[in-house]
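Written out below as structure tokens is the structure these notes cover.
The values are calculated or read from the model by the stated rules, or taken from the named source; none is laboratory data. Nothing here was measured: the structure is a model prediction, and the numbers come from that model. When we count neighbours, we look across all protein chains shown, and the Cβ atoms used for this are built from the backbone with ideal geometry, even at glycine. For the accessible areas, the whole protein counts, side chains as well, though only heavy atoms, and no ligand, DNA or RNA atoms are used. Shrake-Rupley method; radii C 1.70, N 1.55, O 1.52, S 1.80 Å.
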Amino acid sequence: MKHKVIFDTDPGVDDAMALLFLHKHPEIDLVGITSVFGNASIETTTRNALYLKREWGIPAPVARGANETFDPSRPHAGWPTFVHGDDGLGNIGVPDDIGLEPDPRPAHRFIIETVRANPGEVTIVAVGRMTNLANALKEDPEIAGLVKQVVIMGGAFDVPGNVTPAAEANIHGDPEAADHVFLAPWKIVVAGLDVTHQTHMKRGFLDDMAARGGADVKLLQKVSDFYIKFYAHAVEDGMLVHDSCACVYVVAPELFELRSGAVRVVCGGIADGQTIQKPDGMQFGPSEWDGKPSHAVMVGVQPDKVLGLLSRTLAP
Ligand code: BDR
Ligand code: CA
């Protein structure tokens with residue numbers, strides 16, 4: 001049976017590659033795309049999701065998500081235009097009017113209704129801020145017991161963050177939402193910077209895929225140029241494919257090493273948005289992790305195999 005997936009995303013250059021992987025992988029049934037603010041405003045990320053749906057002929061609906069943090073009093077810090085461009089897709093000039101309408105339901109309600117209609121079957125892959133998931137849980141906490149699993153791109157556990165030395169972008173953008181999500185009793189697997197920073201895609205690798213593949217991969221190549229230039233500080237002529245790591249896990253979990261334990265998020269102060277796991281079996285305490293649900297955090301990856309699966313799927 002195929003994996004039914006809701007993709008919660010803030011496209012976003014690396015989100016775009018992850019979306020194309022979910023759309024093209026034969027074992028995945030992409031049942032919905034939910035937008036969230038993060039790499040750009042909610043207007044822009046929703047427009048981008050609709051644009052990619054149109055360009056790639058993706059049948060799944062797009063539901064528009066949150067445009068404010070779980071705690072609405074949290075100050076807004078601005079968009080990372082230096083990473084993803086002013087249009088969120090590498091400044092390729094995405095048209096304003098896509099000619100497609102989003103689903104009438106807000107993202108969190110789309111998630112609730114889709115999960116309730118398919119009990120035990122839906123995997124949520126969340127690669128933006130955790131706001132939509134937290135809003136869905138707040139409105140209907142029982143969905144935690146009805147979801148198959150949640151696979152998250154976010155956090156930095158045994159490595160530094162990327163927005164601050166402590167925090168990764170998706171978690172830093174809405175720490176209260178992330179903590180709420182980690183406190184829920186659903187099965188979560190987290191792809192943090194611990195593994196995504198090991199998964200480098202070189203420009204030549206992308207060029208090869210684009211040469212072999214169709215117009216869909218050529219669009220990825222176009223949107224990625226700006227992002228590759230940004231990543232020059234971390235990757236020699238290449239980029240980090242953060243969000244694709246979470247998607248690959250759904251069909252190839254054997255490519256990742258996991259560690260189990262409760263996860264909490266620092267909310268406020270200089271370490272705002274830091275993700276900290278208490279590995280199962282760790283002694284001492286008491287602590288704020290005790291009695292909280294254990295989740296799986298990725299601590300190892302086979303990057304070449306992840307890239308190989310991406311390549312075979314995107315440009316078969
Ligand atoms: C995450 O932040 C965003 O810039 C990317 O799309 C990815 O989801 C990496 O920290
Ligand atoms: Ca993202």
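Given a 1.4 Å probe and every protein chain left where it sits, what share in percent of the accessible area of segment 220-316 is carbon and sulfur? Spell out each step's value before the answer.
Numbers: 2480 of 4450 Å².
Of all accessible area on segment 220-316, carbon and sulfur atoms account for 56 percent.
How much net charge surrounds Pro316 when only other residues with a Cβ under 9 Å from its Cβ are counted (Lys, Arg +1; Asp, Glu -1)? Mind showing how you got there, number by number?
Working: positive: Lys24, Arg212, Arg312; negative: none.
Spelling it out: positives minus negatives among the neighbours equals +3.
Could you pull out every residue, at least 5 positions away or on a different chain, whose amide H is within less than 5 Å of the one on Lys187? Hs are placed 1.01 Å off N in the peptide plane, and Pro or chain starts have none.
Val150
If one computes the Cα centroid of segment 245-304 and of segment 151-218, what distance in Å separates the two points?
13 Å
Relative to the Cα centre, what is the charge dipole magnitude of segment 117-264, using +1 at the beta carbon of each Lys and Arg, -1 at the beta carbon of each Asp and Glu, and rounding to the nearest 20 debye? Before the final figure, lay out the partial values.
Details: 12 positive and 19 negative charges, 42 e Å.
Result for segment 117-264 is approximately 200 debye, rounded to the nearest 20.
Sort Phe7, Phe230 by accessible area with a 1.4 Å probe, largest first.
Phe230, Phe7
Straight-line reach only, C-alpha to C-alpha below 17 angstrom: list the lysines that Lys229 could link to, leaving out same-chain residues fewer than 8 apart.
Once the sequence-local lysines are set aside, what remains near Lys229 is Lys202.
For the chain, with every protein chain kept in place, what is the accessible area per residue (1.4 Å probe, Å²)?
Working: 12450 Å² over 316 residues.
Averaged over the residues of the chain, the accessible area is 39 Å².
Under 28 Å Cα-Cα from Lys2, which lysines qualify once same-chain neighbours fewer than 8 residues away are excluded?
Of all the lysines, those that pass the test against Lys2 - Cα under 28 Å, at least 8 places apart if same chain - are Lys24, Lys53, Lys148, Lys187, Lys218, Lys305.
Using a 1.4 Å probe on the protein heavy atoms only, what accessible surface does Arg212 show? Give it in Å² to the nearest 10.
My reading of the accessible area for Arg212 is about 130 Å².
Label Arg116 and Ala211 with points 7 Å out from Cα along Cα→Cβ: what is the distance between them in nm?
With each label placed 7 Å out from Cα toward Cβ, I get 5.3 nm.
Cβ under 12 Å from His197's Cβ, His197 left aside: what net charge do those residues give with Lys, Arg +1 and Asp, Glu -1? All intermediate terms of the calculation are to be shown ahead of the outcome.
Working: positive: none; negative: Asp158, Glu168, Asp194.
Summing Lys and Arg as +1 and Asp and Glu as -1 gives -3.
Lys and Arg at +1, Asp and Glu at -1: add these up for the other residues within a Cβ distance under 11 Å of Ala296 and post the number.
Values: positive: Lys187, Arg259; negative: Glu257, Asp280.
Result for the neighbourhood of Ala296: 0.
Of all DSSP beta bridges in the chain, what percent run antiparallel (nearest 5)? Present the calculation step by step, with values, prior to reporting the outcome.
Values: 15 of 40 bridges.
About 40 percent, rounded to the nearest 5.
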